[in-house]
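Values in this text are rule-based calculations from the coordinates and carry no lab data. Small disclaimer: the values here were computed from a predicted structure and weren't measured. Glycine also receives a Cβ, built like all others from the backbone with ideal geometry; neighbour counts cover every protein chain displayed.
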Amino acid sequence: MSTEDGDPVEYDPASGVYRTNYNWSSPGSLSTAVHDAVCEAADCDGLDLPPLYEQIDPEGLEKLFAPIPGSERCTGSVTFPLGEYHVTIAADGEIVIYPPSED
């Protein structure tokens with residue numbers, strides 16, 4: 001599995017999460033990459049998930065992690081729900097998707 005603008009979405013059985021990385025130089029947006037990655041992890045159609053903007057401001061997300069010319073963002077992360085999943089995005093572009101608990 002892979003997103004259009006990032007690395008493959010891979011399941012990590014040791015931690016029980018899905019992981020991928022967003023490529024900051026890709027032409028696609030971070031918010032689209034996040035939505036695509038969750039769709040891959042959930043093995044669903046994009047219409048099966050709520051719109052990202054219902055959970056987090058996509059433009060704010062882009063600004064929060066956008067590269068700064070002459071500097072690197074090396075710290076910081078944000079976590080939010082998307083459907084039954086939780087998503088954590090780190091400043092380095094790592095996207096971690098936590099599947100719903102099986103309680």
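Spin-label pair Cys44-Leu64: with each label point 7 Å from Cα along the Cα-Cβ axis, the two points sit 2.1 nm from one another.
Note on Ser101 and Gln55: with the Förster distance fixed at 30 Å, the Cβ-Cβ geometry gives a FRET efficiency of about 0.95. Which shape class applies to segment 1-67: rounded if a/c is under 1.5, otherwise prolate when a/b exceeds b/c and oblate if not, where a ≥ b ≥ c are the square roots of the Cα gyration tensor eigenvalues? In terms of gyration-tensor shape, oblate.
The HN-Hα couplings worked out from phi for segment 81-86 by the Karplus form 6.51 cos²θ - 1.76 cosθ + 1.60 (θ = phi - 60°) are x, 9, x, 8, 9, 10 Hz, whole numbers, x standing for Gly and Pro.
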